[in-house]
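This report refers to the structure that appears directly beneath it.
The values are calculated or read from the model by the stated rules, or taken from the named source; none is laboratory data. Keep in mind it's a predicted model, so treat the numbers as computed, not measured. Cβ coordinates were reconstructed from backbone atoms using ideal geometry, including for glycine residues, and neighbour counts include every protein chain displayed. Each accessible area value is taken on the protein alone, full model and side chains, heavy atoms only, with ligands, DNA and RNA left out. Shrake-Rupley method; radii C 1.70, N 1.55, O 1.52, S 1.80 Å.
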Amino acid sequence: MKYSLLACATFMSLCCSPAAFAWDWRVETGVHDFIVNQADSHTPGINATFSFIHPLGSKSKLMGDIALYYDHDKDKLDPDHIPIWFSSSYLLSQEWLRLSPYTSFGGQLMLSGRRNTVSGIEKQFKVFPGMAVSYDDGRIMANVDLSFGYYLMELDDDVPKTAGYHRGEFSHDAGAFSAGIATHLQLSQSLAFIGSARNWHDGNDWLEYRYSGGFTLHHSAWQPGTLLQLEAVYHQYNLAPYNRGDVPILPWNRDLKLQLGFSFAL
């Protein structure tokens, strides 16, 4: 926990440094479906995402996004679910060494979290400093990283209570390793593919897998900077640390979010 607080302090000091570079803000609005196929559950809704990129110098940048979701929980996967949930992620990166005209090596700090999902994930918090190799030739961009930090996940208590669990048994945190890859492929002048894969491991067992993929489309008839975005984000969780006895704490361990939206620059 001490390590994570030090990383947070470093992140905030860099965010608040007086760099004379503009913030590039974008807004996305759209619709989504939150799917838990183990329960045959679909939860549609609407959402809004605010994202930014902020250069901190010629070799450093800060980027992030904050998303707000409103769900129509028609099948009552969680009977007491409040139909508003949140997610956020931030990445602070700095180039240390230029390996080739298109390839660099550097450091990064990732913070991310989610609150109150319909699948029973009440809270997630992750802070992971690490190192990354990046490639960018203007058409293909890729980033491979390895990091070590702090992982926390807490489950909502409503569904576990029906299986006999008591409050206080729903949280697990650990020091963990994380490895990930992210890609951006410019398929044509107006169409791009974006994908990523990441896992978290505490040294003894895996904690979580996350995969995402999607497309962005810009048409010449649209306002400059306006994009149509389609994305799928899949999570799978290891719930063994939460289980007591032979009864699983949740009857599902994965979820999928499908999202379609328009994104435009502010």
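Looking at 138, 164, can you tell me which residue is within 25 Å of residue 192 (Cα to Cα), modelled with pLDDT under 95 and not aliphatic (A, V, I, L, M)?
On the way: 164 fails: within 25 Å of residue 192 (Cα to Cα).
Of 138, 164, the one residue that is within 25 Å of residue 192 (Cα to Cα), modelled with pLDDT under 95 and not aliphatic (A, V, I, L, M) is 138.
Residue under question is residue 57, and the condition is that it be open to solvent by less than 40 Å² (accessible area, probe 1.4 Å) and either at pLDDT 95 or above or among the β-branched types (Val, Ile, Thr) (or both); does it hold? Give the steps one after another, and end with the answer.
Numbers: open to solvent by less than 40 Å² (accessible area, probe 1.4 Å): yes; either at pLDDT 95 or above or among the β-branched types (Val, Ile, Thr) (or both): no.
In short, no.
Filter segment 18-36 for residues that are at pLDDT below 95 and acidic (Asp, Glu) and give the result.
Across segment 18-36, the qualifying residue is only 24.
Picking from 100, 58, 89, which residue would you name as being among the small types (Gly, Ala, Ser) and touching a residue at least 12 places away in the same chain (Cβ under 8 Å)? Even if it seems obvious, please write down each step before you answer.
Working: 100 fails: touching a residue at least 12 places away in the same chain (Cβ under 8 Å); 58 fails: touching a residue at least 12 places away in the same chain (Cβ under 8 Å).
Only one candidate passes the filter, namely 89.
So which residues in segment 240-263 are over 18 Å from residue 41 (Cα atoms) and open to solvent by 30 Å² or more (accessible area, probe 1.4 Å), if there are any at all?
240, 241, 243, 244, 245, 246, 247, 248, 260, 262
Can you tell me how many residues within segment 17-70 are among the polar types (S, T, N, Q) and under 30 Å from residue 252 (Cα atoms)?
Our first condition is that a residue be among the polar types (S, T, N, Q); within segment 17-70, this holds for 17, 29, 37-38, 41, 43, 47, 49, 51, 58, 60.
Keeping just the survivors that are under 30 Å from residue 252 (Cα atoms) gives 29, 37-38, 41, 43, 47, 49.
Total meeting the criteria: 7.
Criterion first (open to solvent by less than 40 Å² (accessible area, probe 1.4 Å) and touching a Gly at 6+ places or on another chain (Cβ under 6 Å)) does residue 213 satisfy it?
Considered against the rule, which asks whether it is open to solvent by less than 40 Å² (accessible area, probe 1.4 Å) and touching a Gly at 6+ places or on another chain (Cβ under 6 Å), residue 213 comes out as yes.
At least 1 residues that are basic (Lys, Arg) in each: list the strands (runs of 3 or more DSSP E) lying fully within segment 138-251 that qualify. Give the steps one after another, and end with the answer.
On the way: elements: 140-155, 171-186, 191-201, 206-217, 227-237.
Correct list: 191-201, 206-217.
Can you find a residue that is touching a Leu at 6+ places or on another chain (Cβ under 7 Å), closer than 24 Å to residue 113 by Cβ, modelled with pLDDT of 95 or more and open to solvent by less than 50 Å² (accessible area, probe 1.4 Å) anywhere in segment 182-195? First the steps, then the outcome.
Our first condition is that a residue be touching a Leu at 6+ places or on another chain (Cβ under 7 Å); within segment 182-195, this holds for 190-193.
Now narrow it down to the ones that are closer than 24 Å to residue 113 by Cβ: none.
No, there is no match, as no residue in segment 182-195 is touching a Leu at 6+ places or on another chain (Cβ under 7 Å), closer than 24 Å to residue 113 by Cβ, modelled with pLDDT of 95 or more and open to solvent by less than 50 Å² (accessible area, probe 1.4 Å).
What number of residues in segment 154-174 are open to solvent by 40 Å² or more (accessible area, probe 1.4 Å) and touching a Gly at 6+ places or on another chain (Cβ under 9 Å)?
Looking only at that region, the number is 1.
Looking at 151, 90, which one is buried (at least 20 other Cβ atoms within 10 Å of the Cβ), under 14 Å from the mean Cα position of the chain (by Cα), under 24 Å from residue 209 (Cβ atoms) and of a type in the set (Ser, Thr, Tyr)? Lay out the reasoning, then the answer.
Values: 90 fails: buried (at least 20 other Cβ atoms within 10 Å of the Cβ).
Selected residue: 151, the only one of 151, 90 that is buried (at least 20 other Cβ atoms within 10 Å of the Cβ), under 14 Å from the mean Cα position of the chain (by Cα), under 24 Å from residue 209 (Cβ atoms) and of a type in the set (Ser, Thr, Tyr).
Take the residues of segment 121-139 that are aliphatic (A, V, I, L, M) and farther than 28 Å from residue 170 by Cβ: which is most open to solvent (accessible area, probe 1.4 Å)?
131
Just to be sure I understand, how many residues within segment 216-239 are of a type in the set (S, T, N, Q), farther than 17 Å from residue 29 by Cα and open to solvent by less than 40 Å² (accessible area, probe 1.4 Å)?
Matching residues across segment 216-239 total 1.
Going by the conditions given, is residue 118 at pLDDT below 95, open to solvent by less than 20 Å² (accessible area, probe 1.4 Å) and among the aliphatic types (A, V, I, L, M)? Break it down into steps so the answer makes sense when it comes.
Numbers: at pLDDT below 95: yes; open to solvent by less than 20 Å² (accessible area, probe 1.4 Å): yes; among the aliphatic types (A, V, I, L, M): yes.
The answer is yes for residue 118.
Criterion first (within 17 Å of residue 233 (Cα to Cα) and either in contact (Cβ under 8 Å) with a residue 24 or more places away in the chain or touching a helix residue (DSSP H, G or I) at 6+ places or on another chain (Cβ under 7 Å) (or both)) does residue 71 satisfy it?
On the way: within 17 Å of residue 233 (Cα to Cα): yes; either in contact (Cβ under 8 Å) with a residue 24 or more places away in the chain or touching a helix residue (DSSP H, G or I) at 6+ places or on another chain (Cβ under 7 Å) (or both): yes.
Spelling it out, residue 71 is indeed within 17 Å of residue 233 (Cα to Cα) and either in contact (Cβ under 8 Å) with a residue 24 or more places away in the chain or touching a helix residue (DSSP H, G or I) at 6+ places or on another chain (Cβ under 7 Å) (or both).
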